[in-house]
Amino acid sequence: MLENRRKRSGRKAALEVVGRQRMLALGEVMLDVRADFMELLAEGGKAIAAALFEEDLGRLCGERYARKAQGSAKRWGRQRGQVVLGGRKVSLVRPRARQGDEEVVLPSYVRLQREDPLGERALEQMLVGVSTRNYRRSLEPLAGGLIESAVDKSSVSRRFVLKTEAQLEAAMKKPLGDEQWAAVYIDGLHFAEHVVIVVLGVDASGKKHLLGLREGSTENATLCKELLSELVERGLPADRALLVVIDGGKGLRKAVLEVFGQHAVVQRCQVHKTRNVLDQLPDAKKPSVRAAMSQAYNAPTHAAALTQLQNLVRVLARSNRGAADSLREGLEETLTVKRLGLTGALEKSLRTTNPAENLNGGMRRVSRRVKRWRGGSMVLRWAAASALEAQQHFRRLKGHKSMPLLLAALRQLDNTHNNDNVRMTA
């Protein structure tokens with residue numbers, strides 16, 4: 001009992017000592033530990049900045065009141081300035097130094113003035129759904145009498161534009177020749193009346209990469225050809241076999257063949273093909289045709305799948321000519337991955353444009369709060385920002401352990417093309 005009383009009295013005495021202890025030393029910075037926490041952070045930030053400034057002055061001007069070396073800088077009063085803190089600019093008093101007739105810039109002040117963190121913060125807030133109007137509310141409250149700026153709608157919008165423009169330019173100039181590319185997905189995403197063509201690449205290890213973006217009004221052949229030609233200039237190979245997975249658009253397919261020629265190994269998306277065929281049918285027949293196409297696409301071999309689809313074409317031709325024609329068009333190209341001998345998870349990953357569709361879904365989620373698109377440049381900047389954000393969470397292609405099978409099949413096609421060319425020139 002007596003021992004418990006002693007413990008309680010000891011704890012009480014310790015708490016009284018802590019309560020009386022007003023100042024906490026952090027290096028050379030003294031902080032009041034009884035202050036409000038946010039005010040404590042603000043005062044700490046100002047004190048640290050002042051310590052950095054004083055350190056620079058000591059290095060440039062020598063110790064205060066000490067004899068100065070010939071030609072050294074001199075302290076020259078103080079002036080109000082601005083530094084970046086917590087996603088905004090805040091005002092504080094900074095010291096000045098001069099050497100002769102010129103002012104000497106303090107290195108620490110230059111570092112604290114850099115606006116890169118402001119651009120990063122604006123971009124991050126926009127991508128998570130914070131509007132430019134509500135940017136100020138999303139920041140931590142200021143304390144300690146600090147005066148903030150650069151948090152109004154126009155300032156935030158300007159920083160977001162500059163940051164996304166820089167991101168877009170860097171992404172569209174990145175060299176592609178350092179990777180061994182096995183496949184690309186090409187798909188279009190609509191933003192109001194605008195269309196953004198997205199090219200997603202898969203390297204030899206199964207990793208996915210955003211390769212390129214191009215904005216236009218439709219998925220026309222000219223737009224797609226310009227984008228693909230640009231990718232080839234950056235290093236995407238056009239002189240050896242490459243698997244190209246597309247949704248089946250005629251303009252897109254024409255552009256692929258014009259850029260890659262015989263080296264384009266085209267895989268039509270089976271999901272899009274099924275959807276196009278079903279659109280030609282009455283509702284009563286859709287379930288049975290969908291089941292028949294699914295069974296064919298899941299057949300164990302290319303020959304079996306081809307036979308089943310050809311039989312379905314003959315059945316549809318008797319009563320639904322439009323559906324039969326839709327299925328017949330590009331039928332072989334919906335089975336390209338089977339013809340290459342791929343099976344399992346890798347075949348499923350490469351027979352549809354689902355990986356590109358997943359990227360598009362992420363882009364839609366990021367940009368869903370935008371109500372008004374002010375031109376194609378704005379669309380392209382938002383598309384690039386959201387796509388690069390999604391790229392940070394990319395996973396390897398399902399079935400990536402079987403990628404050597406795909407690469408071997410593509411190299412075999414290269415050998416066949418080379419032998420054919422030799423025979424033609426002989």
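When the range 263-293 is filtered for residues that are part of a helix (DSSP H, G or I) and either β-branched (Val, Ile, Thr) or touching a His at 6+ places or on another chain (Cβ under 7 Å) (or both), the ones remaining, listed by number, are VAL271, THR274, VAL277, VAL289. Could you say whether any residue in the range 375-390 is surrounded by 15 or more Cβ atoms within 10 Å (Cβ to Cβ) and either within 30 Å of ALA409 (Cβ to Cβ) or not assigned by TED's automatic domain parsing to the domain that holds ALA296 (or both)? Yes: one or more hits. Residues that are within 26 Å of ARG395 (Cα to Cα), in the same structural domain as GLY376 (by TED's automatic domain parsing) and either modelled with pLDDT under 90 or among the polar types (S, T, N, Q) (or both) do not occur anywhere in the range 225-246. State whether one or more residues within the range 220-239 are in a strand (DSSP E or B) and surrounded by 19 or more Cβ atoms within 10 Å (Cβ to Cβ). Looking for residues that are in a strand (DSSP E or B) and surrounded by 19 or more Cβ atoms within 10 Å (Cβ to Cβ), one finds none in the range 220-239, hence no. Give the residues of the range 371-423 that are over 17 Å from VAL337 (Cβ atoms), under 29 Å from the mean Cα position of the chain (by Cα) and hydrophobic (A, V, I, L, M, F, W, C), sorted by residue number. Hits for the range 371-423 are TRP373, MET378, VAL379, LEU380, TRP382, ALA383, ALA384, ALA385, ALA387, LEU388, ALA390, PHE394.
Taking the range 318-329 as the range and being closer than 16 Å to GLN308 by Cβ and either basic (Lys, Arg) or surrounded by fewer than 17 Cβ atoms within 10 Å (Cβ to Cβ) (or both) as the test, only ARG328 passes. When the range 164-201 is filtered for residues that are in contact with a helix residue (DSSP H, G or I) (Cβ under 7 Å, 6 or more places away or on another chain), crowded, with 22+ Cβ neighbours inside 10 Å and either assigned to a loop (DSSP other than H, G, I, E, B) or not charged (D, E, K, R) (or both), the ones remaining, listed by number, are THR164, ALA182, ALA183, TYR185, ILE186, LEU189, VAL196, ILE197, VAL198, VAL199, LEU200.
Hey, any hits in the range 326-343 for a residue that's at pLDDT 90 or above, small (Gly, Ala, Ser) and part of a helix (DSSP H, G or I)? The answer is yes; a qualifying residue exists.
With respect to the conditions (1) among the basic types (Lys, Arg); (2) closer than 30 Å to MET172 by Cβ; (3) at pLDDT 85 or above, ARG381 falls short on a single one, namely (3). Evaluated against (1) out of contact with any strand residue (DSSP E or B) (no Cβ under 7 Å at 6 or more places or on another chain); (2) more than 22 Å from ASN418 (Cβ to Cβ), GLY235 falls short on exactly one condition, (2). Would the range 351-363 turn up any residue that is modelled with pLDDT of 95 or more and in a helix (DSSP H, G or I)? No, the range 351-363 contains no residue that is modelled with pLDDT of 95 or more and in a helix (DSSP H, G or I).
Scanning the range 197-239 for residues that are out of contact with any Phe, Trp or Tyr (no Cβ under 9 Å at 6 or more places or on another chain) and over 27 Å from MET403 (Cβ atoms) gives ARG214, GLY216, SER217, THR218, GLU219, ASN220, ALA221, THR222, LEU223, LYS225, GLU226. Of all residue pairs spaced 6 or more apart or on separate chains, those with beta-carbon atoms under 7 Å, a first member in the range 366-379 that is assigned to a loop (DSSP other than H, G, I, E, B) and a second member that is β-branched (Val, Ile, Thr) and at pLDDT 70 or above are TRP373/VAL379.
The values are calculated or read from the model by the stated rules, or taken from the named source; none is laboratory data. Worth saying up front: this structure is predicted, and the values here are computed from it rather than measured. Using ideal geometry, Cβ is built from the backbone for each residue, glycine included, and neighbour counts are taken over all protein chains shown.
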